[in-house]
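Only one structure is covered here, and it is reproduced in the block below.
The values are calculated or read from the model by the stated rules, or taken from the named source; none is laboratory data. This is a predicted model, so every value here is computed, not measured. With ideal geometry, Cβ positions are generated from the backbone for all residues, glycine too; neighbour counts draw on all protein chains shown. Each accessible area value is taken on the protein alone, full model and side chains, heavy atoms only, with ligands, DNA and RNA left out. Shrake-Rupley method; radii C 1.70, N 1.55, O 1.52, S 1.80 Å.
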Amino acid sequence: MPEQNKPLRVYFYEGLMIFFAVSLGFIAENIRDTIAERNKERVLMESIITNLKIDTAALNVVIEGNLKKNRVFDSLIVLANEDLNDTVIRKQFYGFFIAGTYMSLFLPSDAAIVQIKTDGGLGLISKKGVADSILNYDKGNESLLRHNQVYTEESDDLWEAGYTILELRITKDLSYVDFFNGRKMTDRLPPPIVTNPDKLKVFFGRLTRCLLLTQTNRNMMIRHRQRAENLIRFLSDTYDLKP
């Protein structure tokens with residue numbers, strides 16, 4: 001039999017139920033998307049904390065190496081007032097130069113921060129102040145990398161100055177340098193030092209600048225280590241993560 005005409009209110013209720021069903025489905029989908037995004041955000045913060053811990057450990061090592069370099073160069077610069085023809089002073093001069101001319105540089109572990117900056121990760125961050133704090137730390141990374149470049153160039157210039165007064169071929173000669181015992185000089189007497197006043201003036205000038213840049217680099221790393229520690233605490237507290 002043909003279906004009897006439904007009352008208008010029945011059509012209204014059916015339409016309302018369809019509307020509610022579609023709306024609830026849309027809301028449920030939004031909730032699922034929000035939960036998924038928050039999970040991604042949490043995982044991303046865990047990755048950043050892991051990178052920050054790696055940075056902190058690396059900074060501790062590099063700061064210590066930088067300090068040792070600073071002490072060696074302090075000892076070397078004192079020899080500017082000594083008789084460089086004296087065999088004991090000559091050996092000390094070579095020893096301090098060789099011990100201090102290695103580079104101790106900080107390179108950030110920034111994979112998670114790069115992901116935030118390049119893969120739309122900033123859009124995942126919902127907590128107040130988090131994005132600004134992370135980007136501020138990244139600026140510290142960039143500042144240190146820029147200073148590393150200046151520091152490296154000055155160290156190269158010091159080597160260039162060293163070529164004019166020292167016989168630096170011995171730096172690869174195991175009969176002169178014990179690389180297996182902290183790059184220390186052996187008992188073999190190194191070649192004479194060129195005592196030309198102009199060349200020595202340039203050398204000790206370069207040495208002084210390198211010493212100052214070493215101190216600056218270390219101070220920058222100490223401040224950056226504090227930033228890393230502060231950011232670890234902030235992210236751990238904000239996302240209720242284990243620090």
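Could you list all residues from segment 126-179 that are within 23 Å of Thr195 (Cβ to Cβ), of a type in the set (Asp, Glu) and part of a helix (DSSP H, G or I)?
At the first step, the residues of segment 126-179 found to be within 23 Å of Thr195 (Cβ to Cβ) are 157-171, 173, 176-177.
Next cut, of a type in the set (Asp, Glu) only: 157, 160, 167, 173.
Within segment 126-179, Asp157, Glu160 meet the criteria.
Please indicate, with yes or no, whether at least one residue in segment 185-195 is within 20 Å of Tyr151 (Cα to Cα) and of a type in the set (S, T, N, Q).
Our first condition is that a residue be within 20 Å of Tyr151 (Cα to Cα); within segment 185-195, this holds for none.
No, because not a single residue in segment 185-195 is within 20 Å of Tyr151 (Cα to Cα) and of a type in the set (S, T, N, Q).
Can you tell me which residue is surrounded by the fewest Cβ atoms within 10 Å (Cβ to Cβ) among those in segment 80-110 that are part of a helix (DSSP H, G or I) and among the small types (Gly, Ala, Ser)? If you could, list the steps in order and put the result at the bottom.
The initial filter retains those residues of segment 80-110 that are part of a helix (DSSP H, G or I), namely 80-81, 87-100.
So of that shortlist, the ones also among the small types (Gly, Ala, Ser) come out as 80, 95, 99-100.
Working: Ala80: 14, Gly95: 20, Ala99: 20, Gly100: 23.
Residue satisfying both the conditions and the ranking: Ala80.
Could you grab me the full set of residues in segment 211-233 that are in contact with a Gly (Cβ under 8 Å, 6 or more places away or on another chain) and surrounded by fewer than 17 Cβ atoms within 10 Å (Cβ to Cβ)?
Within segment 211-233, Arg223 is the sole residue that qualifies.
Among the listed residues Ile77, Ile134, identify the single one that is surrounded by 14 or more Cβ atoms within 10 Å (Cβ to Cβ), over 21 Å from the mean Cα position of the chain (by Cα) and of a type in the set (Val, Ile, Thr). So that I can check it myself, show each step before the final result.
On the way: Ile134 fails: over 21 Å from the mean Cα position of the chain (by Cα).
Being surrounded by 14 or more Cβ atoms within 10 Å (Cβ to Cβ), over 21 Å from the mean Cα position of the chain (by Cα) and of a type in the set (Val, Ile, Thr) holds for just one of Ile77, Ile134, which is Ile77.
In the set Lys199, Lys242, which member is assigned to a helix (DSSP H, G or I) and without any contact (Cβ under 8 Å) to a residue 40 or more places away in the chain?
Lys199
Output yes when any residue across segment 37-57 is more than 29 Å from the chain's Cα centre (by Cα), at pLDDT 65 or above and not aromatic (Phe, Trp, Tyr), and no when none is. Walk me through how you get there before you give the answer.
To start, the set of residues in segment 37-57 that are more than 29 Å from the chain's Cα centre (by Cα) comprises none.
No, segment 37-57 contains no residue that is more than 29 Å from the chain's Cα centre (by Cα), at pLDDT 65 or above and not aromatic (Phe, Trp, Tyr).
Considering each residue of segment 144-166, count those that are open to solvent by less than 60 Å² (accessible area, probe 1.4 Å) and either within 11 Å of Phe106 (Cα to Cα) or touching a strand residue (DSSP E or B) at 6+ places or on another chain (Cβ under 8 Å) (or both), and give that number.
3
For segment 192-233, how many residues are out of contact with any helix residue (DSSP H, G or I) (no Cβ under 6 Å at 6 or more places or on another chain) and either closer than 20 Å to Asp55 by Cβ or of a type in the set (Lys, Arg) (or both)?
Number satisfying all stated conditions: 10.
Hey, does segment 103-116 have a residue that's closer than 30 Å to Ile48 by Cβ, in contact with a helix residue (DSSP H, G or I) (Cβ under 8 Å, 6 or more places away or on another chain) and among the aromatic types (Phe, Trp, Tyr)?
Scanning segment 103-116, I find at least one residue that is closer than 30 Å to Ile48 by Cβ, in contact with a helix residue (DSSP H, G or I) (Cβ under 8 Å, 6 or more places away or on another chain) and among the aromatic types (Phe, Trp, Tyr), so the answer is yes.
Condition (residue is in contact with a Leu (Cβ under 9 Å, 6 or more places away or on another chain), surrounded by 17 or more Cβ atoms within 10 Å (Cβ to Cβ) and touching a residue at least 24 places away in the same chain (Cβ under 8 Å)) applied to segment 167-175: is it met by at least one residue? Please lay out each step first, then the result.
Taking segment 167-175 as the starting set, the residues that turn out to be in contact with a Leu (Cβ under 9 Å, 6 or more places away or on another chain) are none.
No, there is no match, as no residue in segment 167-175 is in contact with a Leu (Cβ under 9 Å, 6 or more places away or on another chain), surrounded by 17 or more Cβ atoms within 10 Å (Cβ to Cβ) and touching a residue at least 24 places away in the same chain (Cβ under 8 Å).
For residues in segment 176-210 being in contact with a strand residue (DSSP E or B) (Cβ under 7 Å, 6 or more places away or on another chain) and of a type in the set (Ser, Thr, Tyr), which is least open to solvent (accessible area, probe 1.4 Å)? Spell out the reasoning first.
Of all residues in segment 176-210, those in contact with a strand residue (DSSP E or B) (Cβ under 7 Å, 6 or more places away or on another chain) come to 176-178, 183-186.
Cutting the leftovers down to of a type in the set (Ser, Thr, Tyr) gives us 176, 186.
On the way: Tyr176: 13, Thr186: 31 Å².
Among those that are in contact with a strand residue (DSSP E or B) (Cβ under 7 Å, 6 or more places away or on another chain) and of a type in the set (Ser, Thr, Tyr), it is Tyr176.
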